[in-house]
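Below: one structure, written as structure tokens.
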Amino acid sequence: MLDIKYQTEYGKMICGRCEDVLPELSGCRFDLIFTSPPFPLNRAKSYGNMTGDEYLEWISDIAAELKGMLSERGSVVVEIGNAWNKGEPTHSTLPMEALLEFKRKGNFYLCQEFIYYNPAKLPSPIEWVNKKRIRVKDSFTRIWWLSNVPTPKADNRKVLEEYSMQMNKLLRSGKYNAGKRPSEYNVGQTSFAKNNGGAIPSNVIIAPNTTSRDRYIQFCKEQKYGIHPARMPKEIPTFFIKMLTDEGDMVLDPFAGSNTTGWIAEQLKRKWISIEVEPEYIAGSRGRFPV
Ligand SMILES: C[S@@+](CC[C@H](N)C(=O)[O-])C[C@H]1O[C@@H](n2cnc3c(N)ncnc32)[C@H](O)[C@@H]1O
């Protein structure tokens, strides 16, 4: 029986280990599975003491389960945080191996790799960056967009950015320096001087993640719930939900934490299911939604 902790107009928050919950949802098909799984090297106590290989096996088994839950042209977007090897200034390759294993076991296509860059990231690891000064700030993570098909549903026109001042000037003047660039790329006059409603974004998503006084934090403080330590900035799920789904589509987050995914899906009128193992994070996430 599913342990549904709360429901909203569009979604449900389920408490449990996703390994146990997913088989119960096997009849569902999702247009987007968007998630940021736990990373055991950093969180060994909370998430069990899996070794690198155990972690790889665990995460890749979940990929195989998720594969069968995608709609025909659905996408899986997975973010895995960086990690350093304990006690030395060397970067762990486990996050990259995990992404590769996830792709391999799910037999997915890699549609595109994204970088989530947090310009406000505090210097870390402290020992090597601040004290010994032999490394620089670690301020990005990888996000992989995967699918069962090479052409999942996607439309970059739904995530256009504002044109730069320079581009607006160019659009006003209509004058563009067309012709061959040193890179041999041939810039045509018509395509570049045309107003397409905004600039096509790149695969680097910049989000500072500095919110300290939002409704969620206020609710957790009032109710004395622990604030989730690894919340995702809203810009990331917003980008992928907009680009890869339409209103009424189904979104799943099997490692929901503070339910940033469900919260954004709700605002964008997508149906959502979120799964989280820690009841306290679920209780706190309730504060994201109006009662
Ligand atoms: C990186 S956090 C996700 C944070 C989330 N994206 C947010 O914005 O709050 C990973 C979450 O997975 C949860 N978790 C760990 N193992 C789990 C499991 N087997 N099934 C479901 N959730 C799990 C952890 O409690 C943690 O909240």
Unmet criterion (only one of (1) assigned by TED's automatic domain parsing to the domain that holds E235; (2) surrounded by 15 or more Cβ atoms within 10 Å (Cβ to Cβ)) for L170:
(1)
Out of (1) buried (at least 21 other Cβ atoms within 10 Å of the Cβ); (2) in the same structural domain as W58 (by TED's automatic domain parsing), the odd one out for Y216 is which?
(2)
For the stretch 229-250, does any single residue satisfy the condition of being more than 13 Å from the chain's Cα centre (by Cα) and farther than 23 Å from K158 by Cβ?
yes
Give the stretch 267-283 a look and list any residue that's within 14 Å of the ligand (Cβ to nearest atom) and either in a loop (DSSP other than H, G, I, E, B) or out of contact with any Gly (no Cβ under 7 Å at 6 or more places or on another chain) (or both), or say none.
V277, E278, P279, I282, A283
Can you find a residue that is surrounded by 14 or more Cβ atoms within 10 Å (Cβ to Cβ) and among the charged types (D, E, K, R) anywhere in the stretch 71-84?
yes
Would you confirm whether or not the stretch 29-49 contains a residue that is free of Cβ contacts under 8 Å to residues at least 60 places away in the same chain, more than 16 Å from the ligand (Cβ to nearest atom) and either exposed (fewer than 14 other Cβ atoms within 10 Å of the Cβ) or more than 17 Å from F255 (Cβ to Cβ) (or both)?
no
Taking only pairs six or more apart or across chains, which ones have beta-carbon atoms under 6 Å, a first residue in the stretch 235-260 that is under 15 Å from G74 (Cβ atoms), and a second residue that is within 13 Å of the ligand (Cβ to nearest atom) and not hydrophobic (A, V, I, L, M, F, W, C)?
D253/T35; D253/T261; D253/S274; P254/T35
Please give the helices (runs of 4 or more DSSP H) falling wholly within the stretch 162-261 in which 2 or more residues are in contact with a Lys or Arg (Cβ under 7 Å, 6 or more places away or on another chain) and modelled with pLDDT of 95 or more.
235-244
May I ask you to list the residues in the stretch 59-101 that are within 15 Å of the ligand (Cβ to nearest atom), of a type in the set (G, A, S) and closer than 25 Å to K137 by Cα?
G81, A83, A98
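The values are calculated or read from the model by the stated rules, or taken from the named source; none is laboratory data. Values in this document were obtained by computation on a predicted structure and should not be read as measured data. No Cβ is skipped: glycine too gets one built from the backbone with ideal geometry, and neighbour counts run over all protein chains shown.
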